[in-house]
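Colleague: First the structure, which I've put down as structure tokens, then a few questions once you've had a look.
The values are calculated or read from the model by the stated rules, or taken from the named source; none is laboratory data. Since the model is a prediction, treat every value here as computed from it, not as a measurement. Glycine also receives a Cβ, built like all others from the backbone with ideal geometry; neighbour counts cover every protein chain displayed. All accessible areas refer to the heavy atoms of the entire protein, side chains included, with ligands and DNA or RNA removed. Shrake-Rupley method; radii C 1.70, N 1.55, O 1.52, S 1.80 Å.
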Amino acid sequence: MTPDPKLLSFSEARQTVEQYAATLGPTQPEMLSLLDALGLVLAEDLRADRDFPPFPRSTRDGFAVRAADVAATPARLRCVGEIKAGATVEQSAIKIAAGEAAEIMTGAPVPAGADAVVMVEYAERDGDVVTVRRAVRAGENIVPAAAEARQDATMVLRGTRVNHAIVAVAAAVGRAEIAAYRRPRVAVLATGDELVDINLPPGPNEIRNSNSYSLAAQVYAAGGEAVILPVAPDSAHELALLLRKGFQSDLLLISGGVSMGKYDLVEQVLASFDARFLFTGVRIQPGKPVVFGEVALHGRTVPFFGLPGNPVSTMVTFQLFARPLLDGLAGSKPQPLPFAQASLKEEFTIKTGLTRFLPAQLGGTHERPEVELVRWQGSGDLMAVSGANCYIVVPPDRERFAAGEAVTVLLF
Ligand code: AMP
Ligand code: MG
């Protein structure tokens, strides 16, 4: 018995998964060396171990001065020394009195008595005389001590995904190891009698199982760990056995077998596990037959997706709907989809009725990002996506697009 159909719009379906993701608990935290935590979610706040910056920091190469002394230019000051980044004890003992200046480098501590830095471009030094040709405001070119963060202040919140910027903060506060939530385990189950594994030679009417690998790659990039199960044939009994295995993970992704064909058995076998279906289709293309739900088994509730088997459909529906669950399972808020706007290079027309995600190539310049469709043979066309870096997003009511028009793209 197949479940009652629940066909949602793209926004409704996305909302459904985001709300569901927010109810998921995080996995166990573990201590990892800093770079091993890249792409995972912080399980602790990162705190400032000292003031940031720890001293008033010059942001320029130039001369530390009293702003009042250079209000009228040119101003001639007496140069009392030089202070470089990582200043020595003697350099940091320098004090600036009225009429004095010190040569200073970017990243060096501004000496006591000075309240501004004149950029080297606006001053000349001749022996111990500095001539300043441009006035500065008090505070100019100085970041005061603790202006970025006070000692013990939280710099990054638990639940934040670790990217290069978070790595930089952790490094700056001296954390060679940080606590991150374990990668959620995501079972990946490809279905179809025509599929063979990639290390076997395919028969004339067989094709290699690429979806398990593209999904595993997407899972890994989303901070998860993929558990690739053996390919399930189009038989209810064997499918049920493999689904049962899949439900041991934190999330189960099934590819194929969710369309209307005679051998598309996934929904009916899921129903035999008393699955609760949150949707059984979304008005999108590619990916319309996508299924989302949960199964309660052995005292655990495990979410699952039935993703359509066409390789591009599988990729798109993972990104649109499964990705937020990886955020939720790892203790982070669902990250918004990376939409952007670009100017369309060539006109096109498309049938209305569904929200479409068309493989495209984004390029151009920062002043004028441009996007063009890649030619494709439909949602089975792996070649096309391999040459794309985004999808053009077409709302269900749009039919004609003119060259030069601004369109929305979804970045990979
Ligand atoms: P299905 O969703 O099962 O109807 O499959 C739709 C299309 O995707 C068919 O042409 C399948 O052969 C193909 N397909 C299904 N699963 C995979 C897979 N794991 N790898 C590559 N292609 C697949
Ligand atoms: Mg199939």
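Colleague: If I filter region 237-252 down to residues being in contact with a helix residue (DSSP H, G or I) (Cβ under 6 Å, 6 or more places away or on another chain) and in contact (Cβ under 8 Å) with a residue 60 or more places away in the chain, which single residue comes out as nearest to ligand 1 (Cβ to nearest atom)?
Modeller: Our first condition is that a residue be in contact with a helix residue (DSSP H, G or I) (Cβ under 6 Å, 6 or more places away or on another chain); within region 237-252, this holds for 239-240, 250-252.
If we keep only those that are in contact (Cβ under 8 Å) with a residue 60 or more places away in the chain as well, we get 250-252.
On the way: D250: 21, L251: 18, L252: 15 Å.
It comes out as L252.
Colleague: Does T314 satisfy being more than 16 Å from ligand 2 (Cβ to nearest atom) and hydroxyl-bearing (S, T, Y)?
Modeller: Here the answer is no, as T314 does not meet what is asked.
Colleague: I'd like the full set of residues that are surrounded by fewer than 17 Cβ atoms within 10 Å (Cβ to Cβ) and within 12 Å of R66 (Cβ to Cβ), limited to region 96-136.
Modeller: Scanning region 96-136 gives A97, A98, G99, A112, G113.
Colleague: Of everything in region 140-159 that's in a loop (DSSP other than H, G, I, E, B) and open to solvent by less than 40 Å² (accessible area, probe 1.4 Å), which residue is farthest from L38 (Cα to Cα)?
Modeller: N141
Colleague: Would you mind stating whether G174 is open to solvent by 10 Å² or more (accessible area, probe 1.4 Å), part of a loop (DSSP other than H, G, I, E, B) and within 27 Å of V316 (Cα to Cα)?
Modeller: Values: open to solvent by 10 Å² or more (accessible area, probe 1.4 Å): yes; part of a loop (DSSP other than H, G, I, E, B): yes; within 27 Å of V316 (Cα to Cα): no.
No.
Colleague: Right, another one. For residues that are in a strand (DSSP E or B) and buried (at least 22 other Cβ atoms within 10 Å of the Cβ), scanning just region 253-280, find the one that is nearest to ligand 1 (Cβ to nearest atom).
Modeller: Across region 253-280, the extreme among qualifying residues is S255.
Colleague: Which one of V186, V167 is crowded, with 18+ Cβ neighbours inside 10 Å, more than 16 Å from ligand 2 (Cβ to nearest atom) and either not in a loop (DSSP other than H, G, I, E, B) or not assigned by TED's automatic domain parsing to the domain that holds S214 (or both)? Give the steps one after another, and end with the answer.
Modeller: On the way: V167 fails: crowded, with 18+ Cβ neighbours inside 10 Å.
Result: V186 is the single residue among V186, V167 that is crowded, with 18+ Cβ neighbours inside 10 Å, more than 16 Å from ligand 2 (Cβ to nearest atom) and either not in a loop (DSSP other than H, G, I, E, B) or not assigned by TED's automatic domain parsing to the domain that holds S214 (or both).
Colleague: Identify the single condition in (1) in contact (Cβ under 8 Å) with a residue 24 or more places away in the chain; (2) more than 16 Å from ligand 1 (Cβ to nearest atom) that A190 does not satisfy, given that it satisfies every other one.
Modeller: (2)
Colleague: Does region 207-232 hold any residues that are outside any loop (DSSP other than H, G, I, E, B) and either away from ligand 1 (no atom under 11 Å from the Cβ) or under 16 Å from P324 (Cα atoms) (or both), and which are they?
Modeller: If the condition is that a residue be outside any loop (DSSP other than H, G, I, E, B) and either away from ligand 1 (no atom under 11 Å from the Cβ) or under 16 Å from P324 (Cα atoms) (or both), then L215, A216, A217, Q218, V219, Y220, A221, E225, A226, V227 are the ones that fit.
Colleague: Looking at the structure I just gave you, is P233 free of Cβ contacts under 8 Å to residues at least 60 places away in the same chain and in contact with a strand residue (DSSP E or B) (Cβ under 8 Å, 6 or more places away or on another chain)?
Modeller: yes
Colleague: Could I ask something else about it? Taking the conditions exactly as written (open to solvent by 20 Å² or more (accessible area, probe 1.4 Å), among the hydrophobic types (A, V, I, L, M, F, W, C), within 14 Å of ligand 2 (Cβ to nearest atom) and over 30 Å from L40 (Cβ atoms)), does A236 satisfy them or not?
Modeller: yes
Colleague: Let me ask another. Assuming F318 fulfils every condition listed in (1) in contact with a helix residue (DSSP H, G or I) (Cβ under 8 Å, 6 or more places away or on another chain); (2) outside the structural domain of Q15 (by TED's automatic domain parsing); (3) modelled with pLDDT of 95 or more; (4) of a type in the set (F, W, Y) apart from one, which condition is it?
Modeller: (2)
Colleague: Which pairs turn up if I take residues in region 352-370 that are over 22 Å from S11 (Cα atoms) and look for partners that are at pLDDT below 95 and in a loop (DSSP other than H, G, I, E, B) with beta carbon separation below 7 Å, at least 6 apart in sequence or on another chain?
Modeller: Pairs found: Q361/G387.
Colleague: Search region 239-275 for residues being of a type in the set (S, T, N, Q) and within 25 Å of A330 (Cα to Cα), and hand back the single one that is farthest from the chain's Cα centre (by Cα). Don't jump to the end; show me each part of the working.
Modeller: Taking region 239-275 and keeping what is of a type in the set (S, T, N, Q), we get 248-249, 255, 259, 268, 272.
Now restrict to residues that are within 25 Å of A330 (Cα to Cα): 248-249, 255.
Numbers: Q248: 27, S249: 23, S255: 24 Å.
Only one residue fits best here, namely Q248.
Colleague: For region 198-213: of the residues being under 17 Å from G256 (Cβ atoms) and more than 16 Å from ligand 2 (Cβ to nearest atom), which is surrounded by the most Cβ atoms within 10 Å (Cβ to Cβ)?
Modeller: Checked region 198-213; the qualifying residue surrounded by the most Cβ atoms within 10 Å (Cβ to Cβ) is Y213.
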